[in-house]
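The values are calculated or read from the model by the stated rules, or taken from the named source; none is laboratory data. As the structure is a computational prediction, the values presented were derived from the model and not from experiment. Cβ coordinates were reconstructed from backbone atoms using ideal geometry, including for glycine residues, and neighbour counts include every protein chain displayed. We work out accessible area using only protein heavy atoms, side chains counted, and drop any ligands, DNA or RNA first. Shrake-Rupley method; radii C 1.70, N 1.55, O 1.52, S 1.80 Å.
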Amino acid sequence: MSRRNGAPNGVEKEAAPPPTNIAQDKQARLLSSESGHFSLIRALHLADFITELNGFCGAMSVFSSMRYCLGDPYDYTNLWAALGFIPFGLFFDFMDGKVARWRGKASLMGQELDSLADLVSFGVSPAAVAFAMGVRTPVDHLLLSFFILCGLTRLARFNVTVSVLPKDATGKSKYFEGTPIPTSLALVFTMAYWVSQGWVLDNIPLGTALTGTALEFHPIVGLFLVHGCLMVSKSIHIPKP
C-alpha cells in the first residue's frame, strides 16, 4: 500500500484517513489550540525550524539583490551574497527531510512549509538576482514572473499528487513530475559565472533584443522561460535519489 513521501513507517496514505501518527496528532492539537500566544511555535518540529532556515536564506538573497541595486554597481559584494545564500538554502532543504525521517516526525505542516520555503529560495530569489544583474525591461519582468509562477504551480501540484505517485519499497515516490524547483541552481551557477566575468548590467551576454521598442528584452531571460516550462512538464519524470 502506498505511503506518504517522507512519512515514517506505519503511516498509510488513504483517501482521507484520520491522523494515526502520534506526532501529527500532537501537532494538530497545538495548531488548533486557542490558548497561548506561542502555541504555533510549540507545534513546530526540529525539521520545521530547519525548513525555516531555508526560507531565511531565500529572503536574505532577495534583500542582498535589493542592496546591490541601491549601491555601487561595480561593487559585487551584495550580488555575491545574493547568489551565495541560495546554495545554503538547498543545504537546509536537504537536511530538513533527513531530520524529519531520523526523528520520525514528518508532518503535513512541514510539507507545506517546505514548499513555501522552496518557492522563496529557488523561485523568487534567482529571479531577483537576475533583476539586480540588469534583466529589467517590462518584458523581462513578465518572463521572470512566469518562471516564479511555474515554480509555484509545480510545488502545488507536488503537494496534491504526492500521495498517488508510484512508490518504492520505502514509501518514497519513485520520481518527480517535471524538474524539481531546486534545479534552478543551474541558473544561479550560470549567473555566478557571469558576475565573475563582470557580465552584468550593460555587459549582460547577448545584450538586448528589439532594443528601443516597447518589447525590448534580454535574450538570456529565455533560460528562465525554458526552466519554468520544464518544472511544470507532465511528461518529464526525474528519478528520485
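Limited to region 156-178, what total is found for residues that are surrounded by 21 or more Cβ atoms within 10 Å (Cβ to Cβ) and at negative phi?
2
Whether a residue is surrounded by 21 or more Cβ atoms within 10 Å (Cβ to Cβ) and either within 27 Å of residue 154 (Cβ to Cβ) or modelled with pLDDT of 90 or more (or both) was assessed, and residue 81 does not pass this test.
If you take the residues in region 151-166 that are assigned to a helix (DSSP H, G or I) and in contact (Cβ under 8 Å) with a residue 40 or more places away in the chain, which one is nearest to residue 120 (Cα to Cα)? This residue is 151. The combined condition, being touching a Gly at 6+ places or on another chain (Cβ under 8 Å), open to solvent by less than 70 Å² (accessible area, probe 1.4 Å) and more than 21 Å from residue 65 (Cα to Cα), is fulfilled by residue 232.
For region 202-224, the set of residues classified as surrounded by fewer than 15 Cβ atoms within 10 Å (Cβ to Cβ) and not charged (D, E, K, R) consists of 203, 205, 206, 207, 210, 211, 212, 213, 214, 215, 219, 222, listed by residue number.
Would you confirm, using the coordinates I've provided, whether residue 39 is modelled with pLDDT of 70 or more and open to solvent by less than 20 Å² (accessible area, probe 1.4 Å)?
Numbers: modelled with pLDDT of 70 or more: no; open to solvent by less than 20 Å² (accessible area, probe 1.4 Å): yes.
Taking the combined requirement at face value, the residue does not satisfy it.
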